[in-house]
1. Mind counting the residues in region B:16-26 that are at the interface with chain A (Cβ under 10 Å from one of its Cβ atoms) and loosely packed, with under 13 Cβ neighbours inside 10 Å?
2. Among B:Ile86, B:Ile111, B:Ile91, which is crowded, with 21+ Cβ neighbours inside 10 Å, over 15 Å from B:Lys52 (Cα atoms) and either more than 7 Å from every other protein chain (Cβ to nearest Cβ) or β-branched (Val, Ile, Thr) (or both)?
3. Here is a check on your reading of the model: is B:Arg122 crowded, with 19+ Cβ neighbours inside 10 Å and not small (Gly, Ala, Ser)?
4. With a cut-off of at least 1 residues that are of a type in the set (Lys, Arg) and either modelled with pLDDT of 95 or more or within 18 Å of A:Val83 (Cβ to Cβ) (or both), name the helices (runs of 4 or more DSSP H) lying wholly within region B:16-133.
5. Scanning region B:38-50 for residues that are of a type outside the set (S, T, N, Q) and surrounded by fewer than 20 Cβ atoms within 10 Å (Cβ to Cβ), which turns out farthest from the other protein chains (Cβ to nearest Cβ)?
6. Just checking: which of the strands (runs of 3 or more DSSP E) contained wholly in region A:1-101 hold 2 or more residues that are over 16 Å from the mean Cα position of the chain (by Cα)?
Amino acid sequence: MCEFCDIVQGKEQAETLFEDEDILAVLHLKPAYPGQIIIFTKEHHTIIEQVPDPVVQNIFKVANKLSTVLFETLNIQGTNIIVQNGTAAGQTIPHFSVNIIPRSENDGLNFQWATKQLSKDEMETALLELKAHTEGIHPDMFQKQKKTIEVKTEEPKPVKLDSKKEDYLIRQIIRIPRV
Amino acid sequence: MVEISPQDQEALKEKLKDMSPEELKEFQKKNCIFCQIISGKVPSQQIYQDDKSLAVLDINPANKGHILLLPKEHHSIMPQMSEEEIAHLFIVAKYLSQAQLKAFKAQGSTIFVANGLAAGQRAQHFMLHIIPRFENDNLSVLNIPQKQIPESDLEKLREALIKKINEVFKLKKETFIEKKTAPVIEAPPEPVEEKEPEPKEEKPKEKPKKKKTTKKPKPKKTEKEEASLDDVAELFK
């Protein structure tokens, strides 16, 4: 019944780009931007909270590499990595996945949300509520990664943004964020 | 902070041209508000931190409880980060998302990364946005539009990408990904068996083809917490 499980089982055709023991990466057939990649776990998990830590690590390492591949292959100036976790977040297939969307200037896409103005009190409450649930989080509880990863780690490669690279860095600095 | 005048921009460009990548990074760091948040020079509402990462509340949130998760090391974009850092950040993101679901009874979360100005990146410090989501929260802007493209384009894209992928992942010739052909009758792809996981590591050995996957309990404690997560997963039904 699950589209991604069908792809894993070979019942559904897909433009497969990468595969290892945990995950599968395919081209999105109806991309927001041509070259959009979708990575999902081979095992059926609905939301990220259900995905074992080592698989989470693996999937995002691969996401980063594939993002680099998009940079180096397509004439793009950016990528978005988006996880829609739950129907309220726009998730349509009940199987955890990561989207990598290539981006270029004036590509007609816009994920820029409107900000909500919260009062100081509301922010304070949100902080307390969250902290009550984050106090127990500690790196020691993260499940260790498997030693035998199929894909060898390597030094992060600098992304070539062509001539735009220099400009990009400069613009990054000029556009000092207003916080 | 202030906008920079065109003259200053020119001067800045000149200055940056002569800098080594290391100097450039130092320069960026000095001018980075998020580095100042990390060092404590700028106050923030901290939610979580460890040796590699810091999570703070976004003061301009998309929703109440919107978290910014920052690597403590300054990086502009994700490809500049080491794999260890990336792996660590996203594990933390998983647990922070879980905390949001519990704290706000959120019905989901969006984990959002923008690499580059064209992708809507506004800060020069790489970060993850973790946004709690609710039904009808007016954030449909975060939905990913779907566009029809010709199948021939997909084929071309795949060919171009696969070459680079094999290079980047340094795949051996035999492991080159072959295109999946339509209905295969043989068994679904099996993971390579020689690779034994660490003995102490309990890895679900269940194969995905079994419809009823045993859900691995999260390393969290009470059943009540489990329930709230299951509720989110249940929303699909």
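1. Qualifying residue count, region B:16-26: 2.
2. B:Ile111
3. no
4. It comes to B:83-104.
5. Ranking the candidates gives B:Gly40 first.
6. Correct list: A:16-19.
Rundown of residues vs (1) surrounded by fewer than 23 Cβ atoms within 10 Å (Cβ to Cβ); (2) more than 7 Å from chain B (Cβ to nearest Cβ), yes/no style:
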position	(1), (2)
A:Asp6	yes, yes
A:Gln9	yes, no
A:Gln13	yes, no
A:Phe18	no, no
A:Leu24	no, yes
A:Ala32	yes, no
A:Gln36	no, yes
A:Ile48	no, no
A:Pro52	yes, no
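The values are calculated or read from the model by the stated rules, or taken from the named source; none is laboratory data. Because the structure is a prediction, the values reported are computed rather than measured. Cβ: placed from backbone, ideal geometry, glycine included. Neighbour counts: every protein chain shown.
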